[in-house]
Structures are given as structure tokens and as C-alpha cells.
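Some notes on the structure that comes next.
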Amino acid sequence: MRIDIPLLAGLALMGAAVSSCASSGALAQQAAMAPRAEVERQGGTFLVRYLMDRDAPVWAFWDSALMTENRQPWRPTQWTVITPNVVLERAGFYDILRTTDGSPVPRVVEIRVRPKGVDLEAEYPTLTFTNGAVALPTRQMSLFPVNSVAEVEALPSDLNGVKFLVGPTQVTWRDQAGPVLFAGERRPYLITQHERSYVLMGDADVTRGEGLTAVIDPALPQWMAATLSEAAPVTGRWYRQRLGPAAAGAEKPVLMAAWNGPTERMTSMGGSVLPGLIVMNFEGQGIIQPTDEVRERALWFVAHEAAHFWLGQTVRYEYAKDAWITEGGADLMAVRALKARDPSYDDRAELQTEIDDCVKYAGKPLSSAGERGEHRAYYACGAVFAMAAEGGQRSKTGGDFLDFIGPLIDANREDEVLTVPEWLNHYAAQGGRVEAASLMLEIVNNGVSDPATAVMGILSDWDIRHENGRVILNNAQPVTRPQSDANG
């Protein structure tokens with residue numbers, strides 16, 4: 001049985017294009033300029049028409065994740081360029097459009113899209129529903145101009161901090177069959193630019209309940225649909241009681257769940273979160289009949305995704321390499337949420353998995369895990385770091401990780417960014433050990449030669465033992481140490 005857990009949210013909105021020597025007036029004027037795209041669903045395919053706002057030899061796509069299964073780009077498998085002399089290919093970390101002769105890309109480029117639902121690394125995927133409906137991420141269409149293929153190849157995988165002088169692509173969405181669905185509402189057509197969400201085209205049942213609007217594939221097994229619809233608002237209320245208000249839209253979010261069918265010998269769940277929206281994707285024979293294991297995993301998934309309304313959206317990380325802050329934190333938040341919901345939940349087993357996986361990945365720098373395709377490292381080692389924070393909090397105030405992260409969320413509601421120095425400074429102030437902080441930074445920056453020993457040092461406030469090369473967790477709660485030992 002396979003359970004997939006691809007990276008989900010906390011993804012920072014990227015800035016946006018191209019000259020560092022223009023005057024401030026020119027910068028403002030260029031920043032207001034942006035390419036446009038017209039997306040029209042025509043039966044089972046889409047026609048995408050780009051209207052470029054300037055001449056450029058290369059246009060690169062912001063969201064250019066690889067497929068999880070084979071680490072290959074997904075666009076060439078679904079997008080076919082219609083415009084002569086224009087090709088779609090990969091350069092460095094990005095999908096690009098360029099001409100075969102090196103001339104500027106035409107101001108109008110048409111592309112035929114045959115959408116498929118595939119898992120992506122650290123990005124929001126297309127969702128396909130069994131009744132033919134398709135949901136596309138709004139930022140999937142956004143691109144920016146570059147002077148050459150060589151310049152694209154020189155771009156880092158994380159564009160946070162890279163300044164561009166072009167705004168996000170303005171996209172018009174239409175469906176020949178009727179209105180489009182956005183934020184739980186039907187509209188004749190839609191224009192997006194700065195929004196980060198999903199647009200659904202095709203038939204969909206919209207169910208409005210207390211604290212939740214659900215858009216669920218009609219073929220998703222009913223027991224799973226009911227589990228999701230009940231769990232999301234309950235979990236949101238618990239987080240709200242512990243952490244205060246979340247980012248805009250989280251008071252009554254939309255839950256969108258797609259079903260890829262009962263594939264044999266598979267139980268797959270994928271998810272992500274966007275402002276006011278939880279997105280989930282299910283596949284496999286293991287989903288058909290309810291089991292305690294699959295139900296618990298679904299509840300954990302909802303709790304992780306909902307946690308991102310606070311840790312990931314109310315505040316987000318600064319750079320992609322810092323994803324451990326939001327992903328590992330959301331993992332531990334989900335564990336605490338499930339334990340509060342069901343005292344019989346085996347939280348020790350979940351935390352043991354986080355420890356095992358962190359030991360597996362901590363030999364290499366956590367900061368470059370995404371480039372290696374090892375996104376699980378952000379979750380696992382981030383959860384271990386969060387456990388260390390909970391250990392200090394427990395000794396100082398008797399609280400848990402939500403008591404640790406709550407003040408950090410409140411302190412950064414205005415700038416919406418939680419940095420690594422802010423996290424570590426708060427960790428020290430709440431009783432964190434100096435030695436543990438040093439080991440965390442070593443894992444982040446360089447990796448460690450003996451991951452098991454390093455994880456033991458980070459979790460010195462927990463009841464753990466080292467056995468046959470494995471770090472074993474004996475208890476799912478940290479040990480309270482004397483206040484005189486608060487900073488190690």
C-alpha cells in the first residue's frame with residue numbers, strides 16, 4: 001500500500017522582472033505592465049492564448065515543478081504549442097517558451113492543453129474529476145521575460161528575493177460549456193492576476209455547510225467525503241481557539257477534493273492549501289472501503305493542511321530553503337490536533353516516523369533538499385525541530401508547540417514573514433538549548449556526519465534511546481526539566 005504526501009503549502013508569493021538600472025519612474029511603469037493569457041475550456045481540452053506585453057527572446061514559467069514520480073517536467077506531456085517557430089522546453093529549473101531561430105517570441109502564442117492530474121514536487125497540481133471537470137491553479141499560467149536561455153539556466157530554484165519588473169500574468173478564464181467556479185461561487189468568466197487559488201471548469205456539486213463549502217468529486221467514496229466535510233471545520237475551530245484568527249478566508253474555507261479512481265494496490269492522498277482553500281487528491285483501491293488507518297490518515301491530512309492557514313499563510317517562511325518552519329511545524333500541529341480530537345490516537349508512532357525520516361535525510365544540507373527532490377526532509381526534520389521547541393516550551397510554561405508558535409504568529413501578522421533568526425531567537429527565549437540550536441543550523445546549512453547522534457542531541461528534552469543505529473522515541477510528550485536548566 002502506498003500513501004503519498006507531497007509538499008503542500010506555505011509557498012511564498014514571488015516577486016516579479018528585469019533591469020536594475022532603470023529610474024524609479026520607469027520601474028513603477030514596468031511593474032504595472034504584465035503579459036496576459038486567455039484560457040478557454042473547449043470540451044476535453046483547453047486553448048491558452050498568451051498576449052505578451054513586450055518583445056523577449058525567452059519567457060519562463062514561475063511554477064515549473066517536476067513530476068514527483070520521475071522528476072521530469074510535466075508541461076511537455078500536457079501542453080502542445082500551436083504557434084509556428086515556438087518551442088516549449090526545460091532550461092535549468094524552469095519551463096520556457098523560445099523561438100527556434102532566437103528571434104523574440106511572438107506577441108501572441110497559442111497552446112493546446114490536455115490536462116492530467118499528476119503529483120508535482122512542491123507545487124500545486126491540476127485536479128481532474130471523474131465527471132470531466134478540471135481545476136487549474138491560477139498561477140500555473142504565469143510567466144516572465146528573460147534575455148536568454150543562459151540567463152534562465154543561471155536563475156536559482158527559489159525566486160524569492162530576485163526582483164523582476166513585470167507583474168503576474170493577468171489571466172481570463174472561460175468555459176464554452178458554462179460558468180466557471182472560483183472561491184465556491186459560479187461566474188460567467190473570471191479574471192485573475194495576484195490571486196493564488198484554483199479555477200474549476202465543468203460540473204461540480206457545491207455543498208455549503210457550517211464553517212465549510214465543499215466541492216467534492218461525486219465519485220469519491222461517500223465515507224471519505226463525509227469524513228473530510230466534518231473534519232475540516234472542527235479542526236479549524238480548534239486551531240482558532242489556540243492561535244486566534246487566521247489569514248483572510250480561513251473562517252469559512254472551501255474544501256476541494258478530486259478522485260483519480262480505484263487504482264489497484266494503491267492508497268494515495270495528496271494535498272495543498274491556498275488562501276481560503278484546502279485541496280485534496282485521492283486515488284487507489286484502499287480508499288474504497290473505510291478503515292481506521294485510512295480514516296486516521298485523512299484526518300491527519302486535513303489537520304496538516306488546515307494548520308497552514310496559520311503557519312504558512314498568516315505567516316510564511318522567507319525563502320524556500322526555510323520550508324521546514326511551516327512544513328515541520330504543521331506536521332506537529334496536526335499531531336496535537338488529532339490527539340486533542342481522539343485521545344486514543346497513536347501520536348508516538350507518528351512522531352517516530354518523523355524522527356526516522358529526519359535521520360534518513362539529515363546527512364545532507366536541509367537547505368538544498370528541494371533541489372535534490374527530497375522534499376520530505378522539510379517535513380521530517382522540521383517536525384524534529386518543532387519537537388525541540390515544544391520541549392523547551394514544556395519546561396518553561398508547561399505548554400505545547402502551539403503555545404510556542406502562537407506568539408511568533410502574532411508578532412509577524414503585519415509583515416507576514418517568519419524568519420529563521422526570529423524562530424531561533426524565540427526558541428532560545430522559551431528555554432531552548434544552545435547545543436540543540438547549533439545542531440539544527442548544522443543540519444540546515446551543511447548536513448551532519450552522524451544524523452542519529454545529532455537528532456538525539458536536538459531531542460535531549462524527550463525520552464529517547466539509541467538502539468541499533470535508530471533513535472527510538474519512548475513517549476509522545478517531552479520531559480519537563482528544571483527551570484535552572486532552561487537554556488542547557
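What follows draws every value from the coordinates through simple rules; no lab data is involved. As the structure is a prediction and not an experimental result, all values here were calculated from the model. All Cβ positions, glycine included, derive from the backbone under ideal geometry; neighbour counts span all protein chains shown.
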Within 10 Å of each candidate Cβ there may be at most 10 other Cβ atoms; applying that plus a DSSP loop requirement, which trypsin sites (Lys or Arg not before Pro) in the range 251-330 survive? 265
nm² value of the averaged projected area, convex hull over the Cα atoms of the range 206-352: 9.0
From the P(r) of the chain, can you give the percent of Cα pairs sitting at distances over 40 Å? 22
Evaluate the relative contact order of the range 250-307 (contact order divided by residue number), counting alpha-carbon pairs under 8 angstrom at least 6 apart; express in whole percent. 35
Over all directions, how big on average is the projection of the convex hull of the alpha-carbon atoms in the range 315-488, in square nanometres? 9.5
Loop-only trypsin sites (Lys or Arg not before Pro) in the range 362-463, please: DSSP not H, G, I, E or B, and at most 15 other Cβ atoms within 10 Å. 372, 413
How many percent of DSSP beta bridges within the chain run antiparallel, rounded to 5? 75
Counting all Cα-Cα pairs in the range 24-204, those more than 19 Å apart amount in percent to 58
Would you compute the Debye intensity of the range 101-175 from its alpha-carbon atoms alone, equal scatterers and no solvent, and pass along log10 I(q)/I(0) at q = 0.21, 0.23, 0.28 Å⁻¹ to two decimals? -1.27, -1.35, -1.44
With -39,500 (n - 2.57) per DSSP H segment of 4 or more residues and division by the full residue count of the chain, the 222 nm estimate, nearest 500 deg cm²/dmol, is -10000 deg cm²/dmol
So what's Rg/Rh here for the range 270-414, counting alpha carbon atoms and using the Kirkwood radius for Rh? 0.96
Let me know the charge dipole size of the chain about its Cα centre in debye, to the nearest 20, where only the beta-carbon of Lys, Arg (+1) and Asp, Glu (-1) is charged. 780
Using the Cα atoms of the range 246-328 to build a convex hull, what is its mean projected area in square nanometres? 6.1
Exactly which GluC sites (Glu not before Pro) in the range 188-240 are in a DSSP loop and have at most 13 other Cβ atoms within 10 Å? 210
